[in-house]
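Structure first, commentary second.
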Amino acid sequence: MRNHLILAALVTSFILPAFSVQAATTSTILVSGDLVRGESFSAVYYLGADGFRYVFPNEKTYYTWYSDFSTVKQISDDQLGTIQIGGNVTYKPNSKMVKINTDPKTYAVDTDGRLLWVTSETVAEAMGGSDWNTKVDDIPDGFFSNYTSMGDTLESSSDVSSYKLRLASGLDANINDDKDLTDPTVVDIGASSGSGFTPNSITVHAGRTVQFVNDSTEKHSATGDDGIWGTGTIEPSANFTIRFTTAGTYTYHCSYHTGMTGTIIVE
């Protein structure tokens with residue numbers, strides 16, 4: 001069984017216009033839903049409930065969610081570096097229709113970047129009014145891989161009404177909701193005595209995250225017994241988050257204290 005370990009940025013982010021940010025401190029207190037950037041680069045990230053940061057690939061994507069940059073917090077590069085990349089933000093559902101230059105189809109955006117083919121001009125007018133063609137954004141081919149086409153379609157005005165009604169229920173209220181991000185299950189790494197992982201065994205749903213927190217005074221790791229996955233070294237006061245996407249039982253140990261073992265059951 002394999003799980004995905006998300007470590008690296010996926011796309012190049014956009015260049016911000018001049019704006020004021022909340023200045024960095026030694027360690028800025030951050031919460032899920034915050035918008036952040038580092039000191040050296042202009043990339044803006046959304047802090048997901050799952051413990052990862054998500055990048056806005058361009059300015060158009062950002063403006064479907066926010067009207068300005070007034071709430072962006074500037075944090076130190078060191079602090080930003082402790083938050084792992086989780087992926088990319090996609091257009092807010094029902095904000096704009098989208099297309100790419102290499103595909104003549106126009107799409108509506110559903111939750112988590114899923115695309116619905118707008119099959120006719122009549123349907124497009126139901127989506128955006130008589131000036132619907134002014135409400136279509138071209139997405140660069142390099143960013144289109146952030147979206148998923150499952151072959152779903154909008155074939156009538158009633159389909160459009162159902163789509164808008166569903167989204168009006170709050171599913172697209174924020175990026176956490178859009179991507180169905182939830183708080184990670186936290187596993188505390190044992191004290192320097194090697195007392196173990198707490199809790200020793202956990203059960204999570206596929207697609208959810210587990211965060212290993214090292215509150216001890218020694219280096220630890222969570223290393224898969226199968227040799228396929230692992231956190232690497234987790235320094236004292238640091239943490240590491242992994243998303244498990246495949247159902248199965250994952251047993252692991254600390255490479256520094258082999259008597260420390262644990263189990264993650266993914267359903």
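Worth pointing out:
- Residue within the stretch 142-155 that is touching a helix residue (DSSP H, G or I) at 6+ places or on another chain (Cβ under 8 Å) and on the phi > 0 side of the Ramachandran plot present: no
- Verdict on ILE15 being at pLDDT 50 or above, β-branched (Val, Ile, Thr), assigned to a loop (DSSP other than H, G, I, E, B) and surrounded by fewer than 14 Cβ atoms within 10 Å (Cβ to Cβ): no
- The set of residues from the stretch 232-258 being surrounded by 14 or more Cβ atoms within 10 Å (Cβ to Cβ) and either touching a helix residue (DSSP H, G or I) at 6+ places or on another chain (Cβ under 9 Å) or of a type in the set (Gly, Ala, Ser) (or both) comprises ALA238, GLY248, SER255.
- Odd one out for ILE83 among (1) among the hydrophobic types (A, V, I, L, M, F, W, C); (2) assigned to a helix (DSSP H, G or I); (3) assigned by TED's automatic domain parsing to the domain that holds PRO57: (2)
- Test: residue in the stretch 165-175 that is touching a residue at least 60 places away in the same chain (Cβ under 8 Å) and touching a Leu at 6+ places or on another chain (Cβ under 8 Å): yes
- Residues located in the stretch 238-258, provided they are over 15 Å from THR209 (Cβ atoms), outside any strand (DSSP E or B) and among the β-branched types (Val, Ile, Thr): THR258
- Residue list for the stretch 54-80, filter: touching a Gly at 6+ places or on another chain (Cβ under 6 Å) and at pLDDT below 95: ASP77, LEU80
- Test: residue in the stretch 109-116 that is aliphatic (A, V, I, L, M) and in the same structural domain as GLY33 (by TED's automatic domain parsing): no
- Residues being within 28 Å of VAL89 (Cα to Cα), part of a strand (DSSP E or B) and not aromatic (Phe, Trp, Tyr) are entirely absent from the stretch 160-173.
- Boolean, THR90 is within 19 Å of the chain's Cα centre (by Cα), within 22 Å of SER169 (Cβ to Cβ) and in a helix (DSSP H, G or I): no
- Residue check, THR261 surrounded by 14 or more Cβ atoms within 10 Å (Cβ to Cβ), within 23 Å of the chain's Cα centre (by Cα) and in the same structural domain as GLY190 (by TED's automatic domain parsing): no
- Any hit, the stretch 196-217, residues being assigned to a helix (DSSP H, G or I), farther than 24 Å from TYR66 by Cβ, without any contact (Cβ under 8 Å) to a residue 40 or more places away in the chain and not small (Gly, Ala, Ser): no
The values are calculated or read from the model by the stated rules, or taken from the named source; none is laboratory data. What you see is a predicted model, and the numbers here were worked out from it, not measured in a lab. A quick note on method: Cβ atoms are made from the backbone with ideal geometry, for glycine too, and the neighbour counts reach across all protein chains shown.
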